[in-house]
Amino acid sequence: MTRFKDVYICGTGSFLPNKPVSNDEIADYIQPINKISSRIQKRILKENGITTRYYGIDKDGQTTHSLQEMCAQAARKALDNSKMGLNDIELLCTGTVGGDNAIPGFANMLQGYMKAPPMETSTHTGICMSGVVALKHAAYAIETGDVAKSLVVAGEFPSRMFKKSRFQNLDYNVDFDAHFLRWMLSDGAGSWALSNKPRPHGYSLKVNFIHTQSFSGDYPVCMYIGSPKGKEDTSYLDYPSLADAEKEGAFYLRQDIKLLPNVFEVGLTEYIKLVNKGAFNSDEIDHFLCHYSSEKFRSVVGDLLEKSESTIDESKWFSNLTYQGNMGSASIFVMLDDFLEKKSDELKPGQKVFCFVPESGRFSVSFMMLEVVECQETPKSLSPSESFALPESPSKDLTAKNERAAKVLRDLNEVWHNYRSQAWRSDFVSKIRDGLFTQEDYTNWMENWIPQVREGSKWMREAVANVEAPFLELKEIIEEHASEEQNDWKLLHKDYLNAGGEKKDPDLLKRNVGGEALNSFMHHRATFTNAIDLLGGIFIIEGTGQKIIPMLLPLMRKSTDLPPECFKFLHYHGLNDEDHLLRWLSAIEYVCENATDEQLEKIVETAQITSELYLMQLNRI
């Protein structure tokens, strides 16, 4: 996370081309591809909640505004609002998926279009986060004293890729991944003007910190263009001609929606990680600007986040998605401009505006904390310790019990964050992701895993037998969980046999060294009186079933080509582990009422050990 002392957003601007396009008018611009297009369109529009968006093309597919023009319009508005002139700007940074031309860099093209004087330029190409990265570059330059004023511009023009002329003469059905984004994206541009001082009159927004993190090494690509589906390593430049690449679908913008939930998983855990490190307190946030592609994702903040006391009340949320659409990298820039216009009468010095921008291309997340400052004079810059330390005492509505539970959950979240990253980069998961997972690999895994699952209810009941006061109510919770899972291994063994497994006698199945170590550890801990630390182990085990297995299941099916009856347990596990985690949360809440600090620390320690042993089990398959 990068903290800034003297960086201010002094003006914002945005530009949305032409008139709003309603859901009923989309087909005039983006032609249905085949018989199922209208059904897909209705489904996607129902989920994303977008009612109007903007296109820089007309109904004939002709471009009405270039991306350079849209960005120039937004930049001029930001400069006007900041009381700066183009001659004042020393650095121009841009973010976009792609400009009007492949090269030169878009910042240079925009500088030329605006006929701007000589200045430093920096082009950032990516997806939703490219604008934030451009902003961070500009803020760095101001903070270090390299420049005094900079201009950041982000813009997108996806409708040119979706216009109906590109799909009229297709001789094959376009896959769903290429369908999806046609109903999601909009055109537009946004810009922020930055300075090392607030503007002389009115309000400015001080940039307190910007945090960016990429998880591209953990996951396969989710959103892309330039390669045909299933051949992500094949570039459009590898074809004999661009026409051949187009014919095979290399230029369709695709999104693997099965992987999409992971971007919010990593975003959520990275957010809690920042809270846990004292970067900020969620209670200090007055306004929350969140970039998400669908209204469906507003509810992504679940029980785990709520119980960690790190939620942001929905009354503080602001979004323009439903009426201005999803503009990728430009979204947060346009959103802040719209927010300042609509909420200007409500802003007060000292209020905090928190921004969250995830990117689904290969999973990156970014966070920004902005602070409203009154601009008659330059405010005193606070030291990092003053600006970002958590308050010494909890808020008055936070009970001691909830505070202790929140601390445990934040610590567990960090353990999970590291475990999830390592699990997704393990050889086992990498083989699944790369499409190299075979039927033999699946049955080998089952032979290792079934005897491990078989022991789960046993060590739980062993632990229940050793529970004493003051945790007697925990007996019923854990016993219920053990009862539900005691026969899971039988369903798993049936899947194994259906997949071609040869060992009909389950006693012949053996755990590998990692599974043996995990099993021994859990049984060992269960022998202790009041081994409530096993809740940490259950957190990792159930979390794997809810958050990792569902993402791997469709990849396993595709790679092995096995029928559904070979994956009944994994399907069941993914559907039911959410309820299991809710039960686990109630158990954590209960034990925090009576546990000592040492016992609570042991829960986190056991989660860490369990995650290490679980990874050993995966890597030894």
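The values are calculated or read from the model by the stated rules, or taken from the named source; none is laboratory data. Computed from a predicted structure; not experimentally measured. We place every Cβ from the backbone using ideal geometry, glycine too, and count neighbours over all the protein chains shown. Accessible surface areas use protein heavy atoms only, side chains included; no ligands, DNA or RNA. Shrake-Rupley method; radii C 1.70, N 1.55, O 1.52, S 1.80 Å.
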Could you compute the net charge surrounding residue 116? Neighbours are other residues with a C-beta less than 12 Å from the C-beta of residue 116; K and R count +1, D and E count -1. -1
Restricting to Cα pairs under 8 Å and 6 or more apart, the percent relative contact order of the range 481-621 works out to 43
Share of Cα-Cα pairs in the range 163-244 beyond 19 Å, in percent? 67
Rounded, prolate or oblate (a/c below 1.5 giving rounded, otherwise prolate when a/b exceeds b/c) for the range 45-115 by Cα gyration tensor: prolate
Which residue, chosen from 109, 235, 429, occupies the Cα position most advanced towards the positive end of the dipole of the chain, where the dipole is computed from +1 (Lys, Arg) and -1 (Asp, Glu) charges on Cβ about the Cα centre? 109
Leaving ligands, DNA and RNA out of it, report the carbon-plus-sulfur percent of the accessible area of the chain at a 1.4 Å probe. 48
Cα gyration tensor of the range 496-621 - equivalent ellipsoid semi-axes, whole Å, descending: 31, 18, 12
Put +1 on the Cβ of each Lys and Arg and -1 on the Cβ of each Asp and Glu in the chain; which of 406, 269, 592 then has its Cα farthest toward the positive end of the dipole? 269
Along principal axes, Cα extents of the range 101-237, largest first, whole Å: 60, 38, 31
The chain, relative contact order in percent, only Cα pairs under 8 angstrom and at least six apart counted: 16
If one compares the long axis through the Cα atoms of helix 37-48 with the longest principal axis of the Cα atoms of the chain, the angle in degrees, nearest 10, works out at 80
Once you have all Cα-Cα distances for the range 466-568, histogram them in 5 Å bins from zero and send the whole-percent values. 2, 9, 14, 20, 20, 16, 9, 6, 3, 1, 0
Can you tell which of 67, 446, 546 lies farthest toward the positive end of the dipole of the chain, using +1 and -1 charges on the Cβ of basic and acidic side chains (Lys, Arg; Asp, Glu)? 67
Greater than 31 Å apart at Cα, pairs in 5/343; 231/490; 504/558: 231/490
Dividing the mean separation of Cα pairs under 8 Å (6+ apart) by the residue count of the range 429-491 yields a relative contact order in percent of 38
Scale the Cα Rg of the chain by the rule-of-thumb value 2.2 N^0.38 Å and send over the ratio, two decimals. 1.05
Treating the Cα atoms of the range 109-180 as identical point scatterers in vacuum, please give the log10 of the normalised Debye intensity I(q)/I(0) at q = 0.26 Å⁻¹, two decimals. -1.26
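Using the heavy atoms of the protein chains and a 1.4 angstrom probe, tell me the accessible area per residue for the chain in square angstrom.
For the chain, the solvent-accessible area averages 42 Å² per residue.
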For the range 439-500, what ratio Rg/Rh do Cα atoms give with a Kirkwood hydrodynamic radius? 1.17
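Could you check what % of the DSSP bridge pairs in the chain are antiparallel, to the nearest 5?
Among the beta bridges of the chain, antiparallel pairing accounts for roughly 70 percent.
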Once the principal axes of the Cα atoms of the range 191-348 are found, what is the range along each, listed largest first in whole angstroms? 60, 40, 31
